[in-house]
Amino acid sequence: MDGDGDPENVGQPEEASLEEQQEEAGAGEERPEEAEAEAAAYLDELPEPLLLRVLAELPAAELVQACRLVCLRWKELVDGAPLWLLKCQQEGLVPEGGAEDERDHWQQFYFLSKRRRNLLRNPCGEEDLEGWCDVEHGGDGWRVEELPGDCGVEFIHDESVKKFFASSFDSPRWCRKAQVIDLQAEGYWEELLDTTQPAIVVKDWYSGRSDAGCLYELTVKLLSEHEDVLAEFNSGQVAVPPDGDDAGWIEISHTFTDYGPGVRFVRFEHGGQDSVYWKGWFGARVTNSSVWVEP
């Protein structure tokens, strides 16, 4: 009979294909790229002060390597001083309310401040002579001693310093030791070193004994990639008399600035000997040596 058919098919809608079902299921869902575009558009509409606060919460490396590439506006914000001044304030590198015009390069200040540390290894002898190179053992050689040592004084300038290096007599050479710092390996990049030329500050502490005079010397060189000397500081031979007016620990320091492009290494070398040629360790004592790249 016309109109009759399979009763199971009467009034049943035609089943949608798999592709149509997937399209219908995804009709109400927002695709990831669309969500990202909407989020970017939302951030792009934020007033600059608010957007700066959002960006300041991100890691510095992400700002430079990713955010800077998003759009022209974000590039200008990442390259500008206000963002980095804000990060410096948030992380306690400068006090709140610091004036933006006090410093031209807040981004460089931020990265230098975060990297600021003593670049010399084992400056006080806690690991014996580990980390030091070109070690010369004049006389009886170097020895690490506990403070204050025989006929010595305490190191009152830093209570964390517990030991020192003691030198011996000259036979046939001084006690000397050195360290060479690879600035790029320590995180300082070529453009920063060549253009900004941040201050490089070297410090050392030396002392003698109350029963014997001694000699001390410090030499620091800034070297190129091929180890050419681009700048140098030498203290000359410093005589330390026994029971002198300068009894105690004496600081010596030098700051390298405007040293020109090309610096890649810092070579720090110091040495000592006694001036009475007694067997043992009556020469200059050294401790708490340091090399800093300052913001």
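Remark: region 178-230 carries 40 Å² of accessible area per residue (probe radius 1.4 Å; ligands, DNA and RNA excluded).
How many lysine pairs are close in region 62-205, with Cα atoms under 18 Å apart and the two 8 or more places apart or on different chains? The result is 6. Take the alpha carbon gyration tensor of region 100-163, find the square roots of its eigenvalues, order them as a ≥ b ≥ c, and report rounded if a/c is under 1.5; if not, report prolate when a/b exceeds b/c, else oblate. It comes out prolate by the Cα gyration axes.
What does the charge count near D211 come to, summing +1 for each Lys or Arg and -1 for each Asp or Glu among other residues with Cβ under 9 Å from its Cβ? Charge balance near D211 sits at -1. Projecting label points 7 angstrom from Cα along Cα→Cβ for E227 and E57 puts them 5.1 nm apart. Projecting label points 7 angstrom from Cα along Cα→Cβ for V276 and D128 puts them 2.9 nm apart.
When each of the peptides 61-71, 201-211 is scored by the mean number of other C-beta atoms lying within 10 Å of its residues, the order from highest to lowest reads 201-211, 61-71. Please work out the FRET efficiency for the pair H254 and E91, using the Cβ-Cβ distance as r and a Förster radius of 45 Å; give the result to the nearest 0.05. About 0.95, to the nearest 0.05.
Quote the FRET efficiency, to the nearest 0.05, computed for C151 versus S113 with a Förster distance R0 of 35 Å and r equal to the Cβ-Cβ distance. Efficiency for this residue pair is about 0.25.
Here's how it looks for A284: its modeled amide H is under 5 Å from those of S167, L215, Q273, D274, which are all 5 or more places away or on a different chain. Here's how it looks for L147: its modeled amide H is under 5 Å from those of K163, F164, which are all 5 or more places away or on a different chain.
With the Cα gyration tensor of region 180-246 giving a ≥ b ≥ c as the square roots of its eigenvalues, does the rule (a/c under 1.5 for rounded; else a/b larger than b/c for prolate; else oblate) give rounded, prolate or oblate? Taking the square roots of the gyration eigenvalues as a ≥ b ≥ c, region 180-246 is prolate.
The values are calculated or read from the model by the stated rules, or taken from the named source; none is laboratory data. Since we're looking at a predicted model, the values are computed, not measured. Using ideal geometry, Cβ is built from the backbone for each residue, glycine included, and neighbour counts are taken over all protein chains shown. For the accessible areas, the whole protein counts, side chains as well, though only heavy atoms, and no ligand, DNA or RNA atoms are used. Shrake-Rupley method; radii C 1.70, N 1.55, O 1.52, S 1.80 Å.
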